[in-house]
Amino acid sequence: MNDKTAKVLLDEERFPYGANSPTRHLEYACPCGKGRIIYERVIGFGDYYAEIECKHCQDEYDVVMGQGHIWELKRKNK
């Protein structure tokens with residue numbers, strides 16, 4: 001699963017903490033469908049992050065972030 005294949009649950013721009021530039025906030029469905037993956041990026045800057053907000057999927061996957069604001073989930077080796 002990655003930023004191209006995940007189902008988008010929410011896509012909006014936010015202006016946190018009095019910022020002049022919006023933050024792009026996206027929420028994706030996680031693989032189990034019970035939680036979500038949160039992605040935020042400050043438009044015009046290179047700052048971004050993605051995290052899993054689902055206990056089950058946190059135990060099963062890691063978020064791997066690459067260049068160009070791309071993320072994907074990789075199954076953990078157990």
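Take the stretch 1-21 and flag every residue that is assigned to a strand (DSSP E or B), in contact (Cβ under 8 Å) with a residue 24 or more places away in the chain and out of contact with any Pro (no Cβ under 9 Å at 6 or more places or on another chain).
If the condition is that a residue be assigned to a strand (DSSP E or B), in contact (Cβ under 8 Å) with a residue 24 or more places away in the chain and out of contact with any Pro (no Cβ under 9 Å at 6 or more places or on another chain), then ASN2, LEU9 are the ones that fit.
Regarding GLU53, is this residue within 14 Å of LYS7 (Cα to Cα) and in contact (Cβ under 8 Å) with a residue 12 or more places away in the chain?
So GLU53 does not fit the description; no.
Quickly run through the stretch 32-78 and pick out the residues that are under 9 Å from the mean Cα position of the chain (by Cα) and among the small types (Gly, Ala, Ser).
Listed by number, the list holds a single entry, ALA50.
Read-outs throughout are calculated quantities, based only on the coordinates presented, and are distinct from any laboratory measurement. Just so it is clear, the structure is predicted and the values come from calculations on it, not from any experiment. For neighbour counting, all protein chains shown are included, and Cβ atoms are generated from backbone atoms with ideal geometry for every residue, glycine included.
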